[in-house]
Each structure stands twice: as C-alpha cells, then as structure tokens.
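The block underneath contains the structure these notes are about, expressed in structure tokens.
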Amino acid sequence: MNPALTKIGDQMSNLTGVRAIMKDIVETLQSGGGQDLINLSAGNPLILPEVEQLWRDATTELLASSEYGEVVCRYGSSQGYGPLITAIAKDFNQRYGLNLTERNILITPGSQTLYFYAANAFGGYASNGELKQIVLPLSPDYTGYGGVCLFPEALHAYKPTLDIDAANHKFKYRPDFSQLSVNENTGCIIFSRPCNPTGNVLTEEEVRKIAALAAPYNVPVLIDSAYAPPFPALNFTEMQPVFGDNIIHCMSLSKAGLPGERIGVAIGDEKLIQVLECFQTNLCIHPSRYGQAIAARAINSGSLVQIAEQVIRPFYQNKFTVLENTLDAAMPKDLPWFLHRGEGAIFAWLWLKDLPMTDWEFYQLLKKVGVIVVPGSTFFPGLKEDWQHKHQCLRISLTGSDEEIALAMQRLAKAVTQVYQPTAVSA
Ligand SMILES: Cc1ncc(COP(=O)(O)O)c(C=O)c1O
C-alpha cells in the first residue's frame, strides 16, 4: 500500500543526517564477507563493565524495593518521576550553588525528544504567520537537529571562524559573532557543548555572549549537554555548565550508559519548562519510569558522577590520545590536514583541506581499505551557503579498541597520501 502523505508526513518519513548513511554502512558491514572492516562510524557508546554493573545494581535494588510497583504499574506525572526530579534538583543545587525547585526540571524520553518539543514550540510559524528561526550558532553541529523541526525552513546555522594551528595540524571552530544575528525573528538557539561531531567546547565567555544576545528578545538558549559534566562528564578540557534566565540546560543519560532507557532532562525557567511539559503531555503523556527510577538511585548515591569521572571520561579521553598520536606519527607532515582539538564527546573530527574529492568519495575509498567513518557533510544541518569545507571533513568515532583505532588511522593516513598525490604531481 502506498499511503498519501501530508507534507509533514512526507518530511518526517525521510531519514536525515547520519541516519541516512547508516543504511549504507549496515549494507557494507553485511556484504563485507571476509573483509576486515574497522567500523568507526557509530555514535553508540560502548558497554563499559563498571557502567553496566552500576545499572545492574540499581535495578537489583529497585526490584527488591516496595517502590517497584509504583514505578512500572502506574501512570505518573508528565513532568517526570518525582524522585529523579528531586535527585537532580538536590545534586545541581549543591554542586553549582543553584536554587532549583522541582518546577525547573522536566524529564523527557531521551533528549532528542526535548529538541523536538523546543524546535516546534519556539521555532516555526507564529500565529501571525511570521517564521521564527531555530538558530544553530556554530556549524557543524549535531546532525539530529536537522530532523527535529516540522518546518525545516526554520533551521538556520552559522558558519564558524577557524582557529588554525598549522604547525601542529590542529584547529578549532569558534562562533563568528560578526555574522551571528539574533532578533525578533529568532525562536530559539541550540548548540551542543561538548559538540557532536567535533569535540569542540564553546568557552564560557562565548556561551554567555550568545545568551546575552538572546536575552533582550526573550529567546531561549538550549545548551545540549549530552556529553557535559556532571555526567557523563565527557569533557577533556575544564568546563562548567552555564546557567541563566534564558538558558535551558539539556542533559541526556545516554552517554552515561542508559541510551536504551531514553532519558533526557531539561533544566530551566519554570515558564519554559511548562511549555515543554505540555508538549510532552500531548505527545506521549510521560517518559517510561523504570530508567528514571534507577537513575534517581545512581544520582543520589553519588555513584553516577563518580563512574562518569573515573571510568567513562578517561576511557574515551585515552581513545582520543591513541587516535591523535597515531595521526601525528602516520600522516604526511606536508599535507594540509587538521585534527579538531579533542575537548570532549566520543568523536574525533578531521579536516582535509583541499581534499581533491568530496568527503563522500573519500568515505567510499576508505571503505575499500577497511575503514568506516562518517562523511562530515552530514553534520551541517541548517547551513544553507555553499562552503568547500563542508565536503572536506570526517567524523571518526572513538568507539573502537585501541588497536582498531590505531590501525584505522594508519590506513587512513595511507589513503590520504595517495589521494593528494595527483594534485602534488600536477602542481
Ligand atoms: C549532541 C547530542 N545531542 C542529543 C543526542 C540525542 O541523545 P538522546 O536522545 O539519546 O538523549 C545525541 C545522541 O547522540 C547527541 O550526540
């Protein structure tokens, strides 16, 4: 049967960003036969034994408690499970000297949902017909923002400036404040910090500047903290969460070992939280409560923060070091390759300046030498202007073994040397 779809139906039944190339990756892996393929494409965190044990222990406790029936046999409030909200308010008030009450917090089924609520509550067409933009101040950013708005024309991303350390083959993106425009047509602002795909951490000053630009227009700023402290604490550089009247601090428990349980958290002004909560009631009543109940236990006992800092962060930080050291040793010194500074998250981002083919073509070529990464052009949702740079980057996931990462980077270095060769010869 071929159902007639609405405009929204048509749009929402298309896969965006990374999801669109996952099909190709799955087919490559299935048809790989005996080929030894190193798959560094995944955004799925690895299962770390200590992390799995943490959730197993919390589940055992929950099963043995009288709370169990209340958690799984009853509907609850749309705002989320009370004990988890209380645990987060208490933890954040102590840790960051805040005055949060339960009314400042909303739990959602994963944080992707939260961006969907926000993008459509604050972005899209206002009742007077005006288009309210969803602004991504620093492109590239999380590919999932590309699919969250029912009116894709509302998404507007800004090109960054590049801070290049040529001698060391390193670089870092910075917001271009000379271009960034926030005005009465802005609905909301979203960015990830640390950033998926680049590992960039916007400085506190940059964050405050963005929030200050948005404040006079009452524009909410959603800071996607899926990799930030206090958990999963996937920052490799010192950073503190930034709070403020127009800031919605958004968290996810996915990289802290619970992606299957779908838990997102929004912390912000009561009025903003209420808007998002109503959206949630209409959409799904409330998120599932089992994951919330075990998360409350792990936060209250302090073990979640402890495991994040002592297990999760060093694990991925070490993977980044392996990748960086291998590239430094194996990549040709005279070619214009630049690794983004590894400030956090679970990815490395490589820019191959003047690459004599597109990122897609290079992705296909890498598959032939047994390495799967993600072409960078999928990470520029909302960036309308043509920019060569969009087709010169790769996202490399840190979710392989040390040996796999090192071997994959050696193969990549060889492929890079070969593809730049003709240009060098003809020059
Ligand atoms: C930056 C960022 N934000 C949001 C998400 C969505 O996470 P979830 O819906 O699992 O909370 C991800 C997932 O990879 C991400 O990398």
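The values are calculated or read from the model by the stated rules, or taken from the named source; none is laboratory data. Every value quoted in this text rests on a predicted model; they were computed, and no experiment measured them. Positions of Cβ are backbone-derived with ideal geometry, glycine not excepted, and every protein chain shown enters the neighbour counts.
Kindly check whether there is at least one residue in the stretch 24-44 that is among the hydroxyl-bearing types (S, T, Y), buried (at least 17 other Cβ atoms within 10 Å of the Cβ), under 21 Å from the mean Cα position of the chain (by Cα) and in a loop (DSSP other than H, G, I, E, B).
Yes: one or more hits.
Quick one: how many residues across the stretch 234-247 are surrounded by fewer than 24 Cβ atoms within 10 Å (Cβ to Cβ), of a type outside the set (S, T, N, Q) and farther than 22 Å from E270 by Cα?
3
For the condition among the aliphatic types (A, V, I, L, M) and either within 16 Å of the ligand (Cβ to nearest atom) or out of contact with any strand residue (DSSP E or B) (no Cβ under 8 Å at 6 or more places or on another chain) (or both), what is the one hit in A58, A126, A89?
Just one listed residue meets the conditions, A58.
Just give me the residues in the stretch 183-192 being over 18 Å from L398 (Cβ atoms) and buried (at least 20 other Cβ atoms within 10 Å of the Cβ), in sequence order. Spell out how you get there, then give the answer.
Looking only at the stretch 183-192, we keep the residues that are over 18 Å from L398 (Cβ atoms), and these are 183-191.
Within the stretch 183-192, T186, G187, C188, I189, I190, F191 meet the criteria.
Could you go through the stretch 152-167 and let me know if any residue there is under 30 Å from T6 (Cα atoms) and at pLDDT below 95.
yes
Which residues, taken from the stretch 179-199, are of a type outside the set (A, V, I, L, M, F, W, C) and either within 16 Å of the ligand (Cβ to nearest atom) or touching a helix residue (DSSP H, G or I) at 6+ places or on another chain (Cβ under 8 Å) (or both)?
N183, E184, T186, G187, S192, R193, P194, N196, P197, T198, G199
Which one of these is within 23 Å of the chain's Cα centre (by Cα) and within 30 Å of K368 (Cα to Cα): I88, I47?
Only one candidate passes the filter, namely I47.
Looking only at residues in the stretch 127-153 that are touching a residue at least 60 places away in the same chain (Cβ under 8 Å) and part of a loop (DSSP other than H, G, I, E, B), which one is surrounded by the fewest Cβ atoms within 10 Å (Cβ to Cβ)?
Ranking the qualifying residues of the stretch 127-153, first place goes to L150.
Being in contact with a helix residue (DSSP H, G or I) (Cβ under 6 Å, 6 or more places away or on another chain) and surrounded by fewer than 23 Cβ atoms within 10 Å (Cβ to Cβ), is that true of even one residue in the stretch 166-174?
For the stretch 166-174, residues in contact with a helix residue (DSSP H, G or I) (Cβ under 6 Å, 6 or more places away or on another chain) and surrounded by fewer than 23 Cβ atoms within 10 Å (Cβ to Cβ): absent.
What number of residues in the stretch 234-257 are touching a strand residue (DSSP E or B) at 6+ places or on another chain (Cβ under 9 Å) and within 17 Å of I47 (Cα to Cα)?
Count: 4.
What residue, of A266, A296, is part of a helix (DSSP H, G or I) and either buried (at least 20 other Cβ atoms within 10 Å of the Cβ) or in contact with a strand residue (DSSP E or B) (Cβ under 6 Å, 6 or more places away or on another chain) (or both)? Outline the logic, then answer.
Values: A266 fails: part of a helix (DSSP H, G or I).
From the options A266, A296, the qualifying one is A296.
Out of (1) within 29 Å of Q79 (Cβ to Cβ); (2) at pLDDT 95 or above; (3) in contact with a Gly (Cβ under 9 Å, 6 or more places away or on another chain), the odd one out for G199 is which?
Status for G199: all satisfied but (1).
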